[in-house]
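Following this message is one structure expressed as structure tokens.
Read-outs: derived from the displayed coordinates by stated rules, not from any lab. Being a predicted model, the structure only gives us computed values, none of them experimental. No Cβ is skipped: glycine too gets one built from the backbone with ideal geometry, and neighbour counts run over all protein chains shown.
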Amino acid sequence: MVNPYATYKKQAVNTMTPVEIVIRGYDECERQLNRALHFIDSKEHVQAHVALDKAAELVSALRTVLDMNVGEISENLDSLYDFFFRQIVQADIKKDKEIIHQILPQIAELKDAFVQISKLPKSNVSTDVG
């Protein structure tokens with residue numbers, strides 16, 4: 001039997017703009033980092049690892065959709081994504097909440113920038129990300 005919710009989710013993703021997909025990636029990354037904080041607090045290290053691993057995968061996915069032909073903005077985002085990835089790995093190794101607390105606001109700020117971009121008239125927004 002076909003799951004109607006799964007069908008809806010698949011269709012929703014297929015109709016999203018590149019900017020909306022990036023925003024969704026940031027949302028999920030933030031969610032996973034917050035889950036990791038909770039799991040570190042409760043000493044559930046395996047669950048913390050799983051959440052941090054998912055966050056790292058999301059950062060890698062954001063990095064792969066960059067259009068490096070755009071120039072300086074893409075290069076800056078690439079550097080930030082590399083930094084986030086390395087910080088998440090360190091947070092995972094050390095189960096260090098402070099590292100997560102340092103990058104969460106930066107990820108939120110980038111997400112907010114993409115939210116603002118998504119509100120621009122479509123004629124002002126490139127279809128490429130970064």
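Go ahead and run the numbers for FRET between ARG86 and LYS43, Cβ-Cβ distance against an R0 of 30 Å, rounding to 0.05.
It comes out at approximately 0.75.
How big is the dipole moment of the chain about its Cα centre under a simple scheme where the beta carbon of each Lys and Arg is +1, that of each Asp and Glu is -1, and everything else is neutral? Debye, nearest 20, please.
480
Starting from the range 11-99, pick out the trypsin sites (Lys or Arg not before Pro) whose DSSP state is loop and whose Cβ has at most 10 other Cβ atoms within 10 Å.
For trypsin sites (Lys or Arg not before Pro) across the range 11-99 that sit outside H, G, I, E and B with at most 10 neighbouring Cβ atoms in 10 Å, the list reads LYS43.
Counting pairs of alpha carbon atoms under 8 Å apart in space and at least six apart in sequence, what relative contact order in percent does the range 19-120 give?
36
If I model a spin label at HIS101 and VAL2 as a point 7 Å from the Cα along the Cα→Cβ vector, what separation in nanometres do I get?
4.9
Same structure again: Tally Lys and Arg at +1 and Asp and Glu at -1 over the other residues with C-beta under 15 Å from the C-beta of GLU57: what net charge comes out?
Cβ neighbours under 15 Å give a net charge of 0.
Next question. Within the range 73-88, whose backbone N sits under 18 Å from a point 7 Å along Cα→Cβ of SER60?
Correct set: 78-88.
Another question, then. Mind checking which of GLY71, PHE83, GLN47 is farthest towards the positive end of the chain's charge dipole, using Cβ charges of +1 (Lys, Arg) and -1 (Asp, Glu) about the Cα centre?
So the residue furthest toward the plus end is GLN47.
Let me ask something else about it. For the chain, which DSSP H helices look membrane-span-like by this rule: Cα extent along the axis of 27 Å or more and mean Kyte-Doolittle of at least -1.0? Provide the component values of the computation, followed by the final result.
Working: long enough: 18-41 (35 Å, -0.33); 45-64 (28 Å, 0.31); 72-94 (33 Å, -0.17); 97-118 (31 Å, 0.29).
Counting only whole DSSP H runs, the qualifying helices are 18-41, 45-64, 72-94, 97-118.
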